[in-house]
Amino acid sequence: MFLIVFIYFFVSGLDFLSAHHTGSSDSPNATARFVDPFTGKREKPSNYLVITQDYYKSTRENSNLYTTTLFAEMNFFDGRFALNASVPWNYYQQRERSDAARIGKTYLGFKYQPFFDLSKPYFLVIEGSVGFPSGPDTDKFTGGDYYAGAGYLKLGYLYEKWAFVTKLGGIRPLSRPQPNNLQDNDGIPYWFRLASGQAPSPTYEFKNTTVLSGYVTYYLIPEVSLFAGMLYRNPYNGVDYSQSKDKANPSHFTEGSGGFSWNFSEKYNLSVAYRYPLQRDRDYRLYHSAWTFAFSMEWGSD
C-alpha cells in the first residue's frame, strides 16, 4: 500500500511533462485502453506505470505464489514508439517449509505502432523485449540464468462497443544452458569455475516458445468494460523445456480468462482478471487458478 501511495504522488508531479498522451476524447478508439487480461498491461504505446499483482493458487510445488510486477513505459514520436521495463518480485507461500521470496527476470523492451491514426477503428503494434539472466544465486533470484528474447505482433479492432485483440509471437532463448554439474549460490559466474566432474545428461533443454492469445472486450460505458480471453503456449513449460515425456510435461498449455476494466479517471485504470488453466490433472497442472490485479497510472498532456 505504501508503494502505491508513493507512486501516486510521484506520477501526480509528472504533469508538467510534454509527452503526447495517447488518448483523445474525439475518438472512441483513442480512449479505449485495450488492457491485456493476462498481464494487465496496455497494448498500445503509452506513458504509464502499472503495478500488477498476480495470485496463483496451489502451484505444482503445493504452494501459493504471489507475483508483484512493476512495469513502466514512455512513448515517443507522438505515440508511435515506446520503451519499457519490468521487474517482478515473487513470494512463495509454501507448505511444510518456510516461505521464500525471489526477484524475477528483468525485461527491457519496446513497442512500435507503424500505422498511427487515432481516427481509425483498428491498430497494429509490434512489441519486443529482452530478458536478462537472473544470476546463479537461486536464493535471491529466479526466472532462469539466461538471456531471452520475446517478440509479438498485436492486432486490434474496435466495432461500436466491442473490441477484438489478438497477439501472436513467442519467446526465444538467446544463450545456452550453463553446465549443470556446478555448484549454485556461490555468486561466481560459471565460466570462471571448473566443473566438479563429468556433467550428467541434462534433464532439460531450451526451446523456442510459441504464445498465442486473443480476447474480446465489451464496453458497458466508456469507463467500464468486460473482457474474456484465451491463451495458448507451446511448449507447456515455456523456454525451460523438460525432456521427460510423462504427463507432468504435456506439449502445450491453455488458459481462459475473464474480468473487467475500470477507468475511474482519465489517467487511472484498474483491471481485475480471473485466469483458469484448462489442463486440470492434479499431477501436472501449473496451478489451480489465478487472479490478476493491475493498477495503472498515465501521465502527460493531450
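What number comes out for the charge environment of Phe206, summing +1 per Lys or Arg and -1 per Asp or Glu over other residues with Cβ under 11 Å away?
Value of the local net charge: +1.
Among residues other than Leu278 whose Cβ falls under 12 Å from its Cβ, what is the net charge (Lys/Arg +1, Asp/Glu -1)?
After counting each charged neighbour, the total is +2.
Most exposed first by the Cβ proxy, i.e. fewest other Cβ within 10 Å, how do Glu96, Glu160, Glu43 rank?
Glu96, Glu160, Glu43
With a point put 7 Å past each Cα toward its Cβ, work out how far Thr254 is from Glu266 in nm, to one decimal.
4.4
Based on the Cβ-Cβ distance of Thr138 and Tyr112, what FRET efficiency does E = 1/(1 + (r/R0)^6) give at R0 = 41 Å, to the nearest 0.05?
E between Thr138 and Tyr112, to the nearest 0.05, is 0.70.
Could you tell me which of the pairs Lys161/Lys267; Lys41/Lys207; Lys207/Lys267 are separated by over 32 angstrom between their Cα atoms in the structure shown? Don't jump to the answer; show the numbers that get you there.
Values: Lys161/Lys267 21 Å; Lys41/Lys207 26 Å; Lys207/Lys267 39 Å.
As for pairs spanning more than 32 Å Cα to Cα, those are Lys207/Lys267.
Tell me, what HN-Hα J-couplings in whole Hz come from the Karplus equation 6.51 cos²θ - 1.76 cosθ + 1.60 at θ = phi - 60° for each residue of the range 208-213, using x for Gly and Pro?
These are the phi-based 3J(HN,Hα) values: 5, 10, 8, 10, 10, 8 Hz.
Expected output is a single nm value to one decimal: the length gained when fully extending between Met230 and Leu153, i.e. 0.36 nm times separation in residues minus the C-alpha distance. What is it?
On the way: separation 77, 0.36 × 77 = 27.72 nm, distance 1.62 nm.
Stretched fully, the Met230-Leu153 segment lengthens by 26.1 nm.
Out of the trypsin sites (Lys or Arg not before Pro) in the range 81-156, which ones are loop residues according to DSSP with at most 10 other C-beta atoms within 10 Å?
Arg95, Arg97
Just add up the charged neighbours of Gly109: K/R +1, D/E -1, any other residue whose Cβ is under 11 Å from the Cβ of Gly109.
With Lys, Arg at +1 and Asp, Glu at -1, the net is 0.
Which of Val130, Val211 has the fewest other C-beta atoms within 10 Å, and how do the rest follow up to the most?
Least crowded to most crowded, the residues run Val130, Val211.
Just so you know, all these numbers are worked out from the coordinates, no wet-lab data involved. All of these numbers come straight from a predicted model, not from anything done at the bench. Cβ atoms come from the backbone with ideal geometry, glycine included; neighbour counts cover every protein chain shown.
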